[in-house]
Amino acid sequence: AGNGRGFPKPQASCTLPVAEGMVVNTQVTSEVADKAQQGIMEFLLINHPLDCPVCDKGGECPLQNQAMSNGRGESRFFESGGLKRTFPKPINISAQVLLDRERCVLCARCTRFSAQISGDPFIELIERGALQQVGIYEKEPYDSYFSGNTIQICPVGALTSAEYRFRSRPFDLVSTPSIAEHDACGSAIRVDHRRGKVMRRLSGNDPEVNEEWITDKDRFAFHYATAGDRLTFPLVREDGELRPASWTEAFAVAARGLAAAGSVGVLPGGRITAEDGYAYSKFARVALGTNDIDFRSRPLSAEESSFLAAHVVLTGPGGGGVTYADLETAGTVVLAGFEPEDEAGAVFLRLRKANRAHGTNVVSIAPYTSRGLRKMGGSLIATAPGGEAVALDELGMTGEHPLDSTSVILVGERLATSPGALSSAAGLASRTGARLAWVPRRAGDRGALETGCLPGLLPGGRPAADAQARVDVATTWGLESLPETAGRDADEIVAAAVAGELGGLVVGGVDPDDTADPAAFRAALDAASFVVSLELRETDVTRVADVVFPVASVVDKAGTFVTWEGRPRWFDAVFTNPQALPDSRVLAGIAEELSSLGLGGPLGFRTVAEVRAQMEELGPWDGERAAHDPVLSTGSAGRDGVALATWKQSIDHGSMQDGDDNLRATARPAVARVSQAMYDALGSTVTVTGDRGSWTLPAEVADAPDGVIWVPSNNSGNGVLADLASPGSRVTVKGAEQ
């Protein structure tokens with residue numbers, strides 16, 4: 001025991017802390033330990049159903065392995081001595097997690113994960129002694145964005161997935177490591193597949209990124225890639241109708257249409273790999289001769305463009321960028337325009353771990369204290385939309401939340417809609433020595449930034465306005481020059497198309513309802529004389545496009561996602577799907593046809609490996625970074641109406657969650673959150689009216705400022721941007737009976 005005295009009886013190794021001088025004997029060296037292990041194994045199997053042939057865990061079950069190595073060959077438990085304890089099964093712990101109670105060995109892994117890791121303590125051990133079992137609180141289902149981790153860490157088949165249950169056997173599956181595509185965290189996953197079909201996804205183990213945990217969206221939301229509306233062949237419009245076409249014909253039609261359109265804008269979207277982002281960037285400059293390209297399919301600002309070029313691009317691990325490890329060692333972490341539990345699950349888990357282990361002070365500049373902030377032990381600086389810049393300006397090296405060189409400031413993409421906020425965040429980092437990081441929502445956003453999918457940036461973080469940077473890229477690409485005219489951002493591209501200043505659009509995976517003004521985006525699609533769509537499934541864009549190319553999903557291609565840290569995360573294709581090409585290959589095919597028409601030139605690659613080789617040859621920019629043009633805050637006071645705050649919840653009506661009804665059923669209900677005073681005045685149901693429509697929602701009280709209402713972005717209708725108003729704008733709110 002480390003004190004010269006032996007323990008009076010054998011100890012369970014998994015619960016015994018190691019002490020200096022301890023003498024350890026195992027079943028290999030001790031008959032007592034060996035007999036104890038056999039006894040415990042017999043005890044565990046007394047009421048176990050022994051249904052290994054039908055159990056989802058069969059073939060990868062530690063209990064099964066230990067029963068073989070340490071169990072008795074014959075049972076001493078006979079029917080005459082009593083019957084095994086049984087329970088009705090399964091019971092729904094949630095819509096996604098099912099429990100077979102008789103398989104449970106009471107290891108408490110699931111309860112410890114829920115209480116200690118995710119902070120959702122709705123699974124508990126109930127009863128005592130032989131009656132002890134896993135259960136949930138009465139009338140309170142297990143509500144967690146991380147519930148699937150309990151299934152994976154369960155050492156037996158007690159917790160199973162409603163989706164995967166009885167679908168396959170572990171030894172039937174082929175496993176391929178990959179990277180999750182639902183957020184910018186870069187979480188490692190394992191894709192298990194059989195005969196060309198993904199059967200399940202599990203968390204990978206990467207201590208530097210997601211450790212061994214993933215969100216339920218990363219785990220269960222993969223059916224969208226095999227939905228019934230998946231595009232499987234190119235389409236071209238003829239006599240007003242889309243018809244199937246060969247790849248060769250589609251390339252030729254697209255090239256002729258873009259050539260006839262004249263000026264063209266490129267909107268790649270934020271779901272692309274870095275290789276595809278590079279292809280879009282090169283396609284715009286080489287094939288189309290334009291800087292009109294922007295990956296941001298959401299509300300944006302010129303201030304954000306300047307901020308990204310000056311403070312984000314080219315930062316990464318080893319290059320001054322903030323990492324997951326830095327979050328654990330930070331004294332204070334400030335969140336601005338960013339809700340980690342909903343928008344970056346792995347970041348949330350790291351911040352919760354940092355708070356529990358090291359007392360990290362998490363400070364959120366937000367309209368109310370979210371559930372995630374409470375679980376991180378955080379503090380709220382209650383702020384109305386538009387007031388974030390003032391809140392950031394008031395922080396410093398003294399006060400209630402002092403910052404220093406150990407501190408980290410995490411800003412989300414939503415801060416782009418708050419004038420002056422990004423400039424204030426950069427100023428706060430400069431005057432306190434705190435480190436600054438940008439955390440977007442989409443997996444491809446950071447890679448698109450690094451590869452030049454912005455009007456003011458070329459690949460490798462090169463400023464498009466810098467003559468030497470243009471020469472650098474043009475020389476590597478074998479060109480005489482690159483376009484010098486300043487490009488348009490996404491909002492300006494849309495406005496130019498509506499005004500007839502742009503004749504064509506090349507659109508990647510962009511959902512019109514995610515854009516800053518969905519009605520204007522649809523008007524731009526209608527106004528453009530020629531639209532090329534690169535898409536996975538049928539969308540509002542493909543329905544009006546002149547040429548539609550089916551592109552590969554994340555399991556059908558190799559590529560790289562770049563995390564919010566700036567860390568590249570390479571992955572290989574799970575399947576080879578000849579019916580869908582990577583965006584890079586499609587763009588290369590169009591560019592070759594344009595070149596044959598005397599426009600631009602070929603891109604010089606056809607495979608992902610060739611794209612990577614070009615990216616490596618070009619390398620990062622080593623010249624002077626673009627300067628940040630600070631913007632002063634306009635504030636949020638002195639305006640009529642109620643300020644609208646919103647963000648997307650982790651599980652909602654997003655199209656990438658299609659196909660898994662069990663996951664969709666775990667979405668949190670759509671409610672409006674208001675202050676106590678507003679709730680007292682309005683009642684339990686409110687109608688919110690903006691310049692784009694109205695929503696009626698149940699209301700709940702939050703510690704929000706008066707004059708602010710928060711609603712989820714994508715849990716009703718077509719979403720806030722399409723059906724209600726822009727984030728931060730003024731809306732009217734009435735009680736249901738008013």
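The values are calculated or read from the model by the stated rules, or taken from the named source; none is laboratory data. Note that the structure is a prediction, hence the values are computed from the model and not measured. When we count neighbours, we look across all protein chains shown, and the Cβ atoms used for this are built from the backbone with ideal geometry, even at glycine.
Computed quantities for the displayed model
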{"item": "Top-ranked residue of region 595-612 - restricted to ones that are part of a helix (DSSP H, G or I) and small (Gly, Ala, Ser), ranked as surrounded by the most Cβ atoms within 10 Å (Cβ to Cβ)", "result": "595"}
{"item": "Test result for residue 87, aromatic (Phe, Trp, Tyr), under 33 Å from the mean Cα position of the chain (by Cα) and not assigned by TED's automatic domain parsing to the domain that holds residue 220", "result": "no"}
{"item": "Residue check, residue 193 outside the structural domain of residue 568 (by TED's automatic domain parsing) and assigned to a loop (DSSP other than H, G, I, E, B)", "result": "no"}
{"item": "Conditions (1) modelled with pLDDT under 80; (2) touching a Leu at 6+ places or on another chain (Cβ under 9 Å); (3) among the charged types (D, E, K, R); number of the one not met by residue 5", "result": "(2)"}
{"item": "Residue count, region 388-413 (criterion: part of a loop (DSSP other than H, G, I, E, B) and either closer than 20 Å to residue 437 by Cα or assigned by TED's automatic domain parsing to the domain that holds residue 647 (or both))", "result": "11"}
{"item": "Region 578-631, subset in contact (Cβ under 8 Å) with a residue 40 or more places away in the chain and acidic (Asp, Glu), residue nearest to residue 534 (Cα to Cα)", "result": "583"}
{"item": "Filtered residues of region 345-363 (kept if touching a residue at least 24 places away in the same chain (Cβ under 8 Å) and either on the phi > 0 side of the Ramachandran plot or touching a Phe, Trp or Tyr at 6+ places or on another chain (Cβ under 8 Å) (or both))", "result": "345, 346, 347, 349, 350"}
{"item": "Hey, residue 137 over 24 Å from residue 53 (Cβ atoms) and either in the same structural domain as residue 663 (by TED's automatic domain parsing) or out of contact with any helix residue (DSSP H, G or I) (no Cβ under 6 Å at 6 or more places or on another chain) (or both) or not", "result": "yes"}
{"item": "Selection within region 422-439 - in contact with a Gly (Cβ under 7 Å, 6 or more places away or on another chain) and not in a strand (DSSP E or B)", "result": "431, 432"}
{"item": "Residue in region 69-78 that is of a type in the set (Asp, Glu) and at pLDDT 85 or above present", "result": "no"}
{"item": "Residues being of a type outside the set (Asp, Glu) and not in a loop (DSSP other than H, G, I, E, B) - total across region 478-520", "result": "15"}
{"item": "Tally of residues being aromatic (Phe, Trp, Tyr), within 19 Å of the chain's Cα centre (by Cα) and surrounded by fewer than 24 Cβ atoms within 10 Å (Cβ to Cβ) across region 531-581", "result": "2"}
{"item": "Qualifying residue in region 239-250 (condition: modelled with pLDDT under 95 and either touching a helix residue (DSSP H, G or I) at 6+ places or on another chain (Cβ under 8 Å) or acidic (Asp, Glu) (or both))", "result": "yes"}
{"item": "Filter pass, residue 215 being in contact with a Gly (Cβ under 8 Å, 6 or more places away or on another chain) and surrounded by 24 or more Cβ atoms within 10 Å (Cβ to Cβ)", "result": "yes"}
{"item": "Yes/no for residue 515 being out of contact with any helix residue (DSSP H, G or I) (no Cβ under 6 Å at 6 or more places or on another chain) and of a type in the set (S, T, N, Q)", "result": "no"}
{"item": "Of the criteria (1) at pLDDT 95 or above; (2) in contact with a Lys or Arg (Cβ under 8 Å, 6 or more places away or on another chain); (3) not charged (D, E, K, R), which one residue 187 fails", "result": "(2)"}
{"item": "Flag for residue 488 being under 30 Å from residue 327 (Cα atoms), buried (at least 20 other Cβ atoms within 10 Å of the Cβ) and of a type in the set (Lys, Arg)", "result": "no"}
{"item": "Strands (runs of 3 or more DSSP E) completely within region 38-143 that count 1 or more residues being free of Cβ contacts under 8 Å to residues at least 24 places away in the same chain", "result": "123-126, 133-136"}
{"item": "Inter-residue pairs, beta-carbon under 8 Å, first over 30 Å from residue 523 (Cα atoms) and in region 466-494, second of a type in the set (Asp, Glu) and surrounded by fewer than 21 Cβ atoms within 10 Å (Cβ to Cβ), 6+ apart", "result": "466/624; 470/484; 474/480; 476/617"}
{"item": "Residue satisfying all of: in region 112-139; polar (S, T, N, Q) and buried (at least 19 other Cβ atoms within 10 Å of the Cβ); nearest to residue 216 (Cα to Cα) among these", "result": "118"}
{"item": "Selection from region 638-657 of residues that are part of a loop (DSSP other than H, G, I, E, B) and over 15 Å from the mean Cα position of the chain (by Cα)", "result": "638, 639, 640, 641"}
{"item": "Sole exception among (1) closer than 20 Å to residue 178 by Cβ; (2) of a type in the set (S, T, N, Q); (3) at pLDDT 95 or above for residue 533, by number", "result": "(1)"}
{"item": "Helices (runs of 4 or more DSSP H) wholly inside region 658-738 that include at least 3 residues being over 22 Å from residue 383 (Cβ atoms) and under 24 Å from the mean Cα position of the chain (by Cα)", "result": "661-664"}
{"item": "Condition broken by residue 300, with the remaining ones in (1) over 27 Å from residue 182 (Cβ atoms); (2) surrounded by fewer than 24 Cβ atoms within 10 Å (Cβ to Cβ); (3) at pLDDT 95 or above satisfied", "result": "(1)"}
{"item": "Boolean, residue 167 is of a type outside the set (Asp, Glu), part of a loop (DSSP other than H, G, I, E, B) and surrounded by fewer than 17 Cβ atoms within 10 Å (Cβ to Cβ)", "result": "yes"}
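This table checks each residue for (1) outside any helix (DSSP H, G or I); (2) surrounded by 20 or more Cβ atoms within 10 Å (Cβ to Cβ).
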site: 295; (1), (2): yes, yes
site: 306; (1), (2): no, yes
site: 310; (1), (2): no, no
site: 314; (1), (2): yes, no
site: 320; (1), (2): yes, no
site: 325; (1), (2): no, no
